[in-house]
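Read the structure below first, then the notes.
What follows draws every value from the coordinates through simple rules; no lab data is involved. Remember, predicted model here, so these are calculated numbers, not experimental data. Backbone-built Cβ (ideal geometry, glycine too); neighbour counts: all protein chains shown.
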4 protein chains.
Amino acid sequence: MREHVKPLPTYLVSRYQGWHATSYAENRAWYRRLADEGQRPRSMIIACCDSRVHVSSMFGADQGEFFIHRNIANLVPAFTPDGDHHGTSAAVEYAVQSLKVAHLIVLGHSNCGGVAGCHAMCAGQAPDLEEKSSFTGTWLNILRPGYERVLERAPADPVTELEREAVKVSLENLMTFPFVREALDAERMTLHGLRHEIGEGTLEQYVSSSDQFEPL
Amino acid sequence: MREHVKPLPTYLVSRYQGWHATSYAENRAWYRRLADEGQRPRSMIIACCDSRVHVSSMFGADQGEFFIHRNIANLVPAFTPDGDHHGTSAAVEYAVQSLKVAHLIVLGHSNCGGVAGCHAMCAGQAPDLEEKSSFTGTWLNILRPGYERVLERAPADPVTELEREAVKVSLENLMTFPFVREALDAERMTLHGLRHEIGEGTLEQYVSSSDQFEPL
Amino acid sequence: MREHVKPLPTYLVSRYQGWHATSYAENRAWYRRLADEGQRPRSMIIACCDSRVHVSSMFGADQGEFFIHRNIANLVPAFTPDGDHHGTSAAVEYAVQSLKVAHLIVLGHSNCGGVAGCHAMCAGQAPDLEEKSSFTGTWLNILRPGYERVLERAPADPVTELEREAVKVSLENLMTFPFVREALDAERMTLHGLRHEIGEGTLEQYVSSSDQFEPL
Amino acid sequence: MREHVKPLPTYLVSRYQGWHATSYAENRAWYRRLADEGQRPRSMIIACCDSRVHVSSMFGADQGEFFIHRNIANLVPAFTPDGDHHGTSAAVEYAVQSLKVAHLIVLGHSNCGGVAGCHAMCAGQAPDLEEKSSFTGTWLNILRPGYERVLERAPADPVTELEREAVKVSLENLMTFPFVREALDAERMTLHGLRHEIGEGTLEQYVSSSDQFEPL
């Protein structure tokens, strides 16, 4: 592997140095305490890897506030304790059990390539994703129950609806984890579902009483 | 699930509204283009969920630049096309195959609770993590080969060494993915390994000629 | 001194800008009147500096409503016109004599580090606080008469009782100020004593007829 | 004292109940953790009691973030270890020594009644404040060195200049505390000086290189 690992591109070195001379410098005292005493984040956010979703700036995130897991399409699989590697389940377990976060937030977004891919796959228009060897397709299968529900409702914009389902399916699957349910029942934690519209910068949230997403 | 989903806490609504009125407003034109035309990130970063690691601010990240996957201890499992859900592998596949990122960066960090947990587990001091039902322990098993190597070298600070191994093991495992190797061989992409010291704000990078981490 | 004064950390600048673009913007007309015509607060609140006590949000405080003094353990010393600097006495004098507030509220709280420190000091378990050079210890001495009363009653939870005494001692000391007594006798002002339970969010108030704190 | 202590006015009970049913309810999990584990505020803010200065909303303050001391005109007296009650010095000592805050912020403001009173007193136009029995006058004497400097510069708006001096004098006096100096020298803490314009909602900060206040 060694020969393929290269020095960091200079433009990123420059930016890092700028950060160290400014933002790090002005927060040095706090970073040192955080290093010494450990993190105590108040919330976990599960968001998409998408480069257009600025999780931390959107919530004015202070260093140490948010434990952030990001994967394709902000999906959480159902509880499956089969001894395999489950990165998302591990992150949720660590946040809830070890860090004892007070809020667990699933943040979806518009124009999501993963969700659009899932829609195409479920509609039979993306045979590549349906191959067993496709990690992306297999991963997006988590969202298939959401596709079925969208199909039944036949909305005007099914892909946007499926983005909302990506949040709802994740919330539902989170509830299948015994330790999540326990924290919720003990009122040690609350769940939240959001969807971000990239172009307009808006947020809508899942409202349980109406079972709808409503503008914030 | 419905009754457990709550409205977003007001303090986050306020912060979001502040972001929308300032940062979003000044970047509106760019956000709209990004929404219309899709993302075209130059790099993928694989980092830890840790709340003290500010990936985007450290690299002066503009909207649309970095495709970011974050999991416990910034680990990548080896290529395992078994049809199971592999969130990390899916994210790497999507970044390399669909988005065709030019740089793939693994970013580790100091004071990592996941790495410390792995060290304790491998040393037989964390029976909880060794249980098959522990998602965190099973996930951290990816790093076990790194622990073995640290054990052989017997360094003064084995946990810090294991943080470096978390980066190296991930780089090695990335090389087991055929599409990663292909992109590297075609010189369409480069690999990079970094470790961030939270308290001092410094970065060290893996240098292939010396097989060591050296300060940036 | 100059070289030690730094620019405000960027994350606070961002939050301030968010506030200015939203909360300030929607209240601009009122802020301008308040600036032009001066404040006319209805109440003074004496509370603790503790970061977990949100005085203004707890009482839905609008701009201009509460004159707020915050010190360690919400203590008021007895009237001592000795020509020394007395920040708390000055604040009370200004509120009662110049602003003519209608309500003077002492707000104590649970889990108070200051009160716990006072308890340890009076019990001989905090020699540091007993040193003459300790500002904190000297300040907490104001509460020593409360400790004596708690000792006599020997309640199950003496520190919680001492938190209540911190409110009562302050109310008693307020009565030693001639201008406070005058305002009370003229029925221009009323006194109130509260204790806030941080974890449960509850309030209890001092009820004179029973000489007890009772839930609100 | 007892007969003068009254039940909390109903309008405040209603507001408190509204807060408990909404804001507290949505943050219950976090409040409970803060109660159990104690506070770890990142910053201390020294501000004026003035009812028009909304410290926590201006900085989007999350529960547990700011240790807040408020007194008349946001003044800090010089280090005077004479065994008397010094509420401000005690608050600073507790924040720096026990809580180990990373930022110490002095926040002044426009239209400050205390500063205007100090100006009148020093100009010989407020004999009441000059009486030894005036707590307010004695307290405002802390700012007298600032008045002398303003007098020398003879600016167009001397009271506004004195508001700036109230911040500078406090910063200077903070530097006379050995433990403040120690924390600054060890880079465990930084100092910041701000002045808020109530009517316009703006902030200016003290910039050490120019020895001036500049807009944020």
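Sorted fewest first by neighbouring Cβ atoms within 10 angstrom, A:Thr136, D:Thr160, C:Thr176, B:Thr138 come out as C:Thr176, D:Thr160, B:Thr138, A:Thr136. One quarter of the surface of the convex hull around the alpha-carbon atoms of the protein assembly as shown equals 37.2 nm², the direction-averaged projected area.
Peptide D:107-113 has a mean shielding of 2, counted as Cβ atoms of other protein chains within 10 Å of each residue's Cβ.
Placing +1 on the Cβ of every Lys and Arg and -1 on the Cβ of every Asp and Glu, with nothing else charged, gives the protein assembly as shown a dipole about its Cα centre of roughly 760 debye. When the Cα positions of C:Ser98, D:Asn111, B:Gly108 are compared along the charge dipole of the protein assembly as shown, D:Asn111 comes out farthest toward the positive end, with charges on each C-beta of Lys, Arg, Asp and Glu. Listed by chain and number, the lysines whose C-alpha is less than 22 Å from the C-alpha of D:Lys168, apart from same-chain residues fewer than 8 away, are C:Lys6.
Here is how the number arises for chain C: DSSP H runs of 4 or more residues each give -39500 (n - 2.57), the sum is divided by the residue count, and the result at 222 nm is -11000 deg cm²/dmol. Nearest to the axis that brings chain C onto chain B is this chain C residue, judged by its Cβ, with the distance in whole Å: C:Gly18, 1. Put a dot 7 Å past the Cα of C:Lys132, heading toward its Cβ, do the same for A:Ala154, and the two dots end up 9.0 nm apart. Taking a straight line from the alpha carbon of D:Lys100, not one of the lysines sits under 17 Å away once near neighbours fewer than eight places off in the same chain are left out. Label-point spacing at C:Glu148 relative to the other copies reads 4.3, 7.3, 7.6 nm, in ascending order, each point sitting 7 Å out from Cα along Cα→Cβ. Charge dipole of segment D:134-201 (Cα centre as origin; +1 on each Lys and Arg Cβ, -1 on each Asp and Glu Cβ, all else neutral): 160 debye, rounded to the nearest 20.
Shortest first, D:Val13 label-point distances to identical copies amount to 2.7, 4.8, 7.0 nm, with the label point at 7 Å from Cα along Cα→Cβ. Averaging the sequence gap over all C-alpha pairs within less than 8 Å and six or more residues apart, then dividing by the number of residues, gives segment A:39-215 a relative contact order of 25 percent. Positive end of the dipole of chain A (Cβ unit charges, origin at the Cα centre): among A:Leu171, A:Pro158, A:Val55, the Cα lying farthest that way belongs to A:Val55.
The Cα-based radius of gyration of segment A:39-215, divided by its Kirkwood radius, gives an Rg/Rh of 0.95. Going by neighbour counts of Cβ atoms within 10 Å, the residues C:Met175, A:Met58 line up, fewest first, as C:Met175, A:Met58.
For the residues C:His20, C:His69, C:His119, a GNM of chain C with alpha-carbon springs under 10 Å puts the largest fluctuation on C:His20.
Of the trypsin sites (Lys or Arg not before Pro) in segment C:91-151, the ones in a loop by DSSP (not H, G, I, E or B) with at most 16 other beta carbons within 10 Å are C:Lys100, C:Lys132. Build a GNM of chain A with springs between Cα atoms under 10 Å apart, and of A:Ala25, A:Ala90, A:Ala154 the one that fluctuates most is A:Ala25.
Using a 7 Å projection from Cα along Cα-to-Cβ, the label point at C:Pro127 is separated from the same position in the remaining copies by 4.2, 5.5, 8.4 nm, smallest value first.
Across segment C:175-200, the residues whose backbone nitrogen lies under 16 Å from the label position 7 Å along the beta-carbon direction of C:Glu214 are C:192-195. When GluC sites (Glu not before Pro) are flagged only if DSSP places them in a loop and at most 14 other Cβ atoms lie within 10 Å, the longest unflagged stretch of chain C comes out as C:1-130.
In this rough spin-label picture, where each label sits 7 Å from Cα along the Cβ direction, the A:Thr80-A:Arg144 distance is 1.0 nm.
Averaged over the residues of peptide B:140-150, the number of Cβ atoms from other protein chains lying within 10 Å of each residue's Cβ is 1. Centroid-to-centroid, using Cα positions, segment B:1-72 and segment A:164-214 are 18 Å apart.
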